[in-house]
Amino acid sequence: MKDNIVGAMQKFAKAMIGPVLFLPIVGMTIALTAVATNAAFVTEGGIIWTIGKFFNGMLNSIMNNLSILFCIGIAMGLAKKKKAEAAFVSVMSYIMFLGANSKWLELSGRMAEGAAAGDLYGTGQTIQLGFHVTDMGVFLGMILGVLVALVHNKYCDTEFKGGFAPYGNSKLVFIIMIPIVAVFSIVITYVWPIVANGITALTGFMSAAGALGVFVYGFLNRFLVPTGLHHLIWSPFLYSAVGDQMVIAGENVIGAKPVFLALLSDPSITTMPDSARFLTYGLVKTFGVIGVALAFYVTARKAKRANLKAQLIPSTLTAVIAGITEPLEFTFIFAAPVLWFVYSVIDGLFQMITYIVGVRVCATNGILDFLVLNLPAGIERTHWPVYILIGLIEIAVLFVVFKFMIEKLNLKTPGREDDEETIDLQANAAAVKAEMKRRQGQGKAGDQEKAEAIIAGLGGRGNILTIDNCFSRLRVEVRDISAINEAALKETGAAGIVKKGTNVQVVYGLGINKIRTIVDDALGNHDLSES
């Protein structure tokens, strides 16, 4: 029972991360448009200002319509096959809901007064894609995406004979969704206000909890990384009313990150809102990992330090620049779990300190993301130099704590393994160069070879049910988890493997998109079937 629940949560987290992968691009570009429209740098009404306003309006439309994007992404992510058709049905179901819910509000006499989202703020209703509907935020897209996927997976292969033949497969899925959406749109009219009150109460609790709430949030967000469930911690705060909700320039903006981005272009805002406390979990990615890497290096055996440095430098830079921490973290998560617990506690404490001293930055990834988002916001509104100072202190604290614990407890962290084997770096470098030349000569043949090795490590084609990826991991649902060959997967460059139920996550880091592409190509079908 427990494994089934965790497995379902992992599947949902895997599906949800699909649309989230695109949002950092949107956020960073919106931040750049804020610079282009800042009267302190450009002439208002000029060419640069006009271009900035144009692109700001274009990109903000993405952040203001996250619900339908989550609906499509989750339906595709959870669909086991015919993903494109699942996505198409999800769009139709979403639009049907908007029309049905709007009409029921009208027929039942429950429609609030107001023609714009700003007019309806606080009424529990909003204007979405031109429809006056119950305000569910991104939860509407999440719920409908799951419903469509469940129906799709059960009925997308159903076929009829004779005159009913055209109404099988995905058309049947759509037919089934019509009454489901109709009932759902009516029920939600009465049920969602109660749920919304619960969300408001949760938000109030987090606000009342203050610094303690930030610590718990930060701790869980890091501690759950090995399970892949950390996405379920930060995503509701970043993209739903749990994190924040306010009317900005006449638009009802929902979620801590969309609110932060929307306020970048508002010069009347002197301080970024308190909801920015949910946006500082990039602190350990940009700074803390440096202290961890240094601790590993100085506590390593001297014979292994040269080789360890070759491993630590790229994995640390990957975390600092891009915010992908798994290649470094998976070197000690399982080898020294007590360190992982302490690491998570320290990260939670430093996020709490960041909030207490009044820092209000948006820092969810690496240093590049931090600079692009916070420099346009300005020092007065964010106090970002203080954030950097706190980060530098975190480096020192993690270094001292990790060094002490590693030596005191004799933990088998990188460079301290029991084997005495060392690698001849010069010979290793020559081997790497030779391999690179071989692959350049082979072109796609080299990718095919690697993809086949990954597929074999996952138990072969017949063992793979669905395959997806997030920022750094290949996320796979398999028939038989015991068929996974961890050693073989690590030989393909995997930094770590997490198995739970019938789900396996293989950590590859920044190269995950390339890995996903070559594996999909090798499988010969991007919509995997059950055969």
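The values are calculated or read from the model by the stated rules, or taken from the named source; none is laboratory data. These numbers come from a predicted model, not from an experiment. Every residue, glycine among them, receives a Cβ derived from its backbone with ideal geometry; neighbour counts consider all protein chains shown. When the accessible area is computed, the model is the full protein with side chains, heavy atoms only, and any ligands, DNA or RNA have been set aside. Shrake-Rupley method; radii C 1.70, N 1.55, O 1.52, S 1.80 Å.
Assorted remarks:
- Surface accessible to a 1.4 Å probe, per residue, for the residues of segment 231-278, Å²: 30 Å²
- For the chain, with +1 on Lys and Arg beta carbons and -1 on Asp and Glu, the positive-most of Ser90, Ala483, Ala100 along the dipole: Ala483
- Average projection area in nm² (convex hull over Cα atoms of the chain, one quarter of hull surface): 28.8 nm²
- Pairs beyond 19 Å (Cα-Cα), from Lys309/Lys499; Lys302/Lys412; Lys14/Lys81: Lys309/Lys499
- Portion, in percent, of the accessible area of segment 7-111 that falls on carbon or sulfur, probe 1.4 Å: 73 percent
- Highest average packing first - 487-494, 403-410, 93-100, Cβ atoms within 10 Å: 93-100, 487-494, 403-410
- Environment charge of Ala262, counting only residues whose C-beta is closer than 11 Å and scoring Lys/Arg +1, Asp/Glu -1: -2
- Segment 286-393, accessible area per residue, ligands and nucleic acids excluded (1.4 Å, Å²): 37 Å²
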